1. Just rank A:182, B:130, A:215, fewest to most, by other beta-carbon atoms within 10 angstrom.
2. Over all directions, average the projected area of the Cα convex hull of the stretch B:1-111 and note it in nm².
3. Using only the Cα atoms, work out Rg/Rh for the stretch A:106-244, with Rh taken as the Kirkwood radius, to two decimals.
4. In nm, to one decimal, how far is the modelled label at residue B:23 from the one at residue B:6, with both set 7 Å along Cα→Cβ?
5. Taking R0 as 51 Å, what FRET efficiency do you get between residue A:179 and residue B:216 from their Cβ-Cβ distance, rounded to the nearest 0.05?
6. I need the per residue convex hull volume for chain B, using only the alpha carbons, in cubic angstrom as a whole number.
7. Would you mind giving the mean number of other chain beta-carbons within 10 Å of the Cβ of each residue in A:166-174, as a whole number?
8. Could you estimate the translational diffusion coefficient of the stretch A:174-264 from the Stokes-Einstein equation, with Rh from the Kirkwood formula over C-alpha pairs, at 25 °C and 0.890 mPa s, in whole µm²/s?
Amino acid sequence: MKFYVGIVLWLLSAVPLAAEELKLAVTTSFANSGLAEILLPAIAEGTGIDVQLLIVGTGQALKLGEAGDVDAVLVHSRAAEEEFVASGFGTHRREIMYNDFIIVGPTDDPANVGLATLATEAFAHIAGAQAPFVSRGDDSGTHKKELGLWKAAGIEPTGDWYRAVGQGMGAALNTASGMDAYILADRASWLNFGNKGDLTQLFGGDPALFNQYAYIPVNPALHPHVKAVAAERLEVWLTSDRARALIEGYTIEGQQLFVFNAER
Amino acid sequence: MNDILTGMAEALRLILTLDPTLIEISLRSLEVTVSATIIASLISLPLGAWLAINRFRARRFVIAFLNALMGLPPVVVGLLVYVLLSRSGPLGVLGLLFTTSAMIIAQVIIITPIIASISHQAIRELWADYHDLLISLNTTRWQRIKALLWDGRRALLTASLAGFGRAIGEVGAIMIVGGNIDHATRVLTTAIALETGKGNFALALALGFILIALAVVVNLALHLLSKTERSSLW
């Protein structure tokens with residue numbers, strides 16, 4: 001019996017007690033961009049906070065915040081974020097930076113997406129040609145953006161050509177690559193993606209495709225255990241000049257990925 | 001095919017250069033799964049023996065139930081443990097979610113039925129041989145269980161290793177309860193899932209080969225240490 005009690009104590013003792021660990025739920029698109037690998041060491045150096053990233057979709061990130069399982073979230077879906085703060089789960093919403101989405105598709109471009117001038121027009125081309133399109137289908141920020149674009153284009157995406165995979169950005173890109181399908185991806189994930197196959201970037205640059213990231217600390221009034229002080233120090237750092245330099249200086253294949261736009 | 005060859009070369013490179021990240025996640029894989037296997041064995045080996053020597057009304061049902069639980073979907077176990085350990089769940093105050101402890105708990109739940117079922121089967125056969133002797137010596141129930149566990153140790157090692165094998169390659173549950181946090185809860189299987197998501201198939205495969213090699217090494221080491229294949233013992 002003593003033995004089993006010992007095991008329970010041992011399991012409990014494995015709980016990290018270090019004061020300066022902070023759990024931050026971020027989106028797959030942010031994590032896949034590789035920017036985290038630049039920012040995290042700089043954050044540790046500048047603030048002493050060891051940020052532990054939970055890489056999930058925006059929907060799940062906000063759920064983690066609601067339950068108090070993370071101390072703050074960094075996500076990109078404005079409507080859902082504002083609702084999150086309005087419901088009292090977060091203290092406030094602070095815009096940090098934006099990147100943009102692009103439309104990726106097969107090189108021969110059967111739906112002539114490359115000829116479009118607007119994102120909605122490109123989507124209309126895909127629907128018109130009934131060309132295979134892979135949707136994230138996972139309630140993530142990217143998925144919500146995609147649904148918003150279909151709506152703006154006045155199209156209800158249904159049919160054999162529209163394939164919702166219900167997975168993260170990488171898995172969805174793998175699926176698109178395997179099926180030679182069109183897909184809406186964030187620029188960073190695409191540039192870092194290692195299995196491009198016959199896919200290529202066909203459309204980008206429309207301001208409708210901009211993707212705003214915002215930082216929301218979880219409300220300590222609701223969850224007294226969250227590390228509110230550390231979350232605030234992280235926010236100060238994320239909006240600092242040091243953060244601006246690192247975020248804007250981050251490039252892949254010569255392309256700048258993020259634009260810092262935190263108001264101070 | 002090309003990815004497989006690149007994967008093998010990459011695996012070799014990672015091992016030969018003693019890549020620090022690889023060593024870190026491999027050790028964490030071992031830490032989680034070895035802990036889970038030890039805890040699950042401590043629960044299920046005595047349980048298997050107890051089920052073998054006791055006759056009670058619900059015995060058949062309990063055994064059938066244990067056998068059925070061998071097929072527990074890890075993702076469901078993960079979700080259950082997650083809901084229990086979440087800050088808004090009943091055990092939330094422990095703050096165990098997204099720690100290696102949570103991963104160990106999930107794996108213990110997954111492999112306990114496997115070890116219990118296999119050890120029950122092995123001990124039942126041993127009990128048929130030992131029954132008359134142990135009864136005539138007027139042994140207590142606990143003494144019988146101890147005797148059976150000791151004399152059946154080789155078969156029980158196999159039972160524990162079956163549990164280890166299931167746990168070391170498991171990804172569904174530990175991804176959910178551990179969160180795949182770099183330098184905290186990332187292990188070989190979740191790293192493989194992550195690299196696959198990034199389209200880095202060669203690196204993902206390399207980690208896969210290393211995972212397989214690790215499982216083989218652990219099994220070999222245990223068999224050598226316990227001398228199960230001594231030539232004098234047929």
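No lab work stands behind these numbers, since they all come straight from the coordinates. Quick caveat: nothing in here was measured; it's all calculated off a predicted structure. Neighbour counts run over all protein chains shown; Cβ positions are idealised from the backbone, glycine included.
1. Ordered from fewest to most neighbouring Cβ atoms within 10 Å, A:182, B:130, A:215 come out as B:130, A:215, A:182.
2. Directional mean of the projected Cα hull area for the stretch B:1-111 stands at 10.9 nm².
3. Answer for the stretch A:106-244: 1.08.
4. So the two model labels end up 2.7 nm from each other.
5. With a Förster radius of 51 Å, E is 0.90.
6. Here the figure is 161 Å³ per residue.
7. 3
8. It comes out at roughly 151 µm²/s.
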